[in-house]
Amino acid sequence: MTTTSEPMNSRTGTGHRPVGGRQPWWQRPWVVPLAFLAAVFLVYSLPPYLGLDPASSRVPAPPGVGWYYPALVAHIGFASVAMVTCVLQVWPWFRQRHPVAHRRIGRVYVFAGVLPAGVMGLAIALAGPFGPVAATSNALLAVLWLIFTIAGFRMARARRFGEHRKWMIRSFALTMSIISNRIWAVVWALALEPQLATTFGGSEQALGQAIAGLTTWTGWVFPLLIAQWWLERGRGRKTANRSQSVAAR
Ligand code: HEM
């Protein structure tokens, strides 16, 4: 039984809307750019970690935290699984045509992706080298990522597919937010570096922590707000239409 107004899809049994499968791929151009973005991100991000050499890491391990590098590499490996599987899971055509694969890949997304990557992400966030503002943001991001994903999985198990869809869209937004994070890093660096001598009193460390803190907060808060707006927008329109027709009576 579904608990929301979203109708159950009798063809897939998933409660997902069937329209995605009917539209040709060129009318759904976001799947291709999304996969391209994820591929570019992974091709850029993974190489320094493939050789398992701490000296190549883009993130310096905090002094005295021996487990940091192994946890970072584990986080990156599992998070890559989450990113790749996530692109497949949100593709309407794939969901409709391959519902069994959607369920199997969904389990991979949860258990070999988000759960281990989120737990490792939380650990490296709390021990991170970029100061308390970035640490707080990353830790909250990790906790929300775990909560949204577990909620989405539980809703699917309970066959509450409308709720499942909502939680997984939020989880998806956080998974992909790492890409927006990298864009914000460039924006904040360009905006703040000229202020090194003024706002930051010449302190490279203060500047670095400000860039890292702002980058991580803006990196995930905006994608999550957009996802929430996207989930609400249809309902808002329907409610407005309903009130208009009631007022017109
Ligand atoms: C959404 C929850 C996530 C959290 C909480 C998280 C947390 C972190 C943290 C704390 C670091 C250490 C650097 C820092 O302190 O900023 C890090 C690094 C990294 N994460 Fe994540 N992460 C998440 C998602 C992802 C995803 C989906 C990927 C995709 C593969 C990813 C790939 C990486 C990479 C490649 C690094 C190393 C930094 C670099 O080389 O640029 N993370 N992450």
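Odds and ends about this structure:
- Any chance THR198 is more than 8 Å from the ligand (Cβ to nearest atom), free of Cβ contacts under 8 Å to residues at least 60 places away in the same chain, farther than 27 Å from VAL43 by Cβ and not in a helix (DSSP H, G or I): yes
- Only residues that are within 16 Å of the ligand (Cβ to nearest atom) and either modelled with pLDDT under 95 or not small (Gly, Ala, Ser) (or both) were counted in region 154-186, giving 15.
- Residue within region 99-108 that is near the ligand (Cβ under 9 Å from one of its atoms) and under 19 Å from the mean Cα position of the chain (by Cα) present: no
- Selected residue [assigned to a loop (DSSP other than H, G, I, E, B) and either within 11 Å of the ligand (Cβ to nearest atom) or of a type in the set (Gly, Ala, Ser) (or both)] from VAL59, VAL84, VAL73, VAL65: VAL59
- Residues satisfying the criterion are absent from region 121-142 (criterion: more than 23 Å from THR215 (Cα to Cα) and either modelled with pLDDT of 95 or more or not aliphatic (A, V, I, L, M) (or both)).
- Single residue of LEU225, LEU207, LEU214 found to be over 17 Å from the mean Cα position of the chain (by Cα), surrounded by 11 or more Cβ atoms within 10 Å (Cβ to Cβ), at pLDDT 95 or above and closer than 23 Å to LEU144 by Cβ: LEU214
The values are calculated or read from the model by the stated rules, or taken from the named source; none is laboratory data. Computed from a predicted model, the values in this text were never measured in an experiment. No Cβ is skipped: glycine too gets one built from the backbone with ideal geometry, and neighbour counts run over all protein chains shown.
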